[in-house]
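We did not get these values from a lab; they are worked out from the coordinates using the rules stated. The shown structure was predicted, so the numbers you read here are calculated from the model rather than taken from an experiment. When we count neighbours, we look across all protein chains shown, and the Cβ atoms used for this are built from the backbone with ideal geometry, even at glycine.
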Amino acid sequence: MKVHTETIELKTNGFPDIIDLSHQINDVLSKSGVINGIMTIFVPGSTAGITTIEYEPGLLKDLPALCERLAPRGVTYQHDEKWHDGNGYSHLLAALFKPSLQVPVLNSKLTLGTWQQVALVDFDNRPRHRKLIIQVMGVEE
């Protein structure tokens, strides 16, 4: 069993920044040498999430609109009352979207659907420097 881990660093623009990770994670998979196993994509922090989406212009508008309905900005959150940072909504959205995703690897390929891409979604109210941890575990050639 092989375990291959890499860190990817990204600069984000804050809410609603949706970044397609396809190229980065496929590069990590290629370097790993894993044929069959699993990839985990993880973002440390409490104001971003990892998800899958069809990365196309309509959904890149629809996802932030959904987020605004789920946890609107400009509403008073108890988090904001305590910390005065104005990003209570971003913590709630990150809790819903989750910080990680696992994708099975079969025959040296991620088993994503035809229109399915892995994306980082930054919900915070300011630009951030994000580190992603990508770990591939499985059997090699």
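Here T47 does not qualify as touching a helix residue (DSSP H, G or I) at 6+ places or on another chain (Cβ under 9 Å), polar (S, T, N, Q), more than 21 Å from V103 (Cβ to Cβ) and surrounded by fewer than 17 Cβ atoms within 10 Å (Cβ to Cβ). Flag: T111 matches the condition of being exposed (fewer than 15 other Cβ atoms within 10 Å of the Cβ), in contact with a strand residue (DSSP E or B) (Cβ under 9 Å, 6 or more places away or on another chain), free of Cβ contacts under 8 Å to residues at least 60 places away in the same chain and polar (S, T, N, Q). Going by the structure shown, is I35 in contact with a helix residue (DSSP H, G or I) (Cβ under 8 Å, 6 or more places away or on another chain) and outside any helix (DSSP H, G or I)? For I35, the condition - in contact with a helix residue (DSSP H, G or I) (Cβ under 8 Å, 6 or more places away or on another chain) and outside any helix (DSSP H, G or I) - is not met. Taking every residue in segment 8-30 that is free of Cβ contacts under 8 Å to residues at least 60 places away in the same chain and pairing it with any residue that is surrounded by 19 or more Cβ atoms within 10 Å (Cβ to Cβ) and assigned to a strand (DSSP E or B), at least 6 positions away or on another chain, yields no pair with a Cβ-Cβ distance below 6 Å. The numbered conditions (1) touching a Phe, Trp or Tyr at 6+ places or on another chain (Cβ under 6 Å); (2) assigned to a helix (DSSP H, G or I) are all true for G49 except (2).
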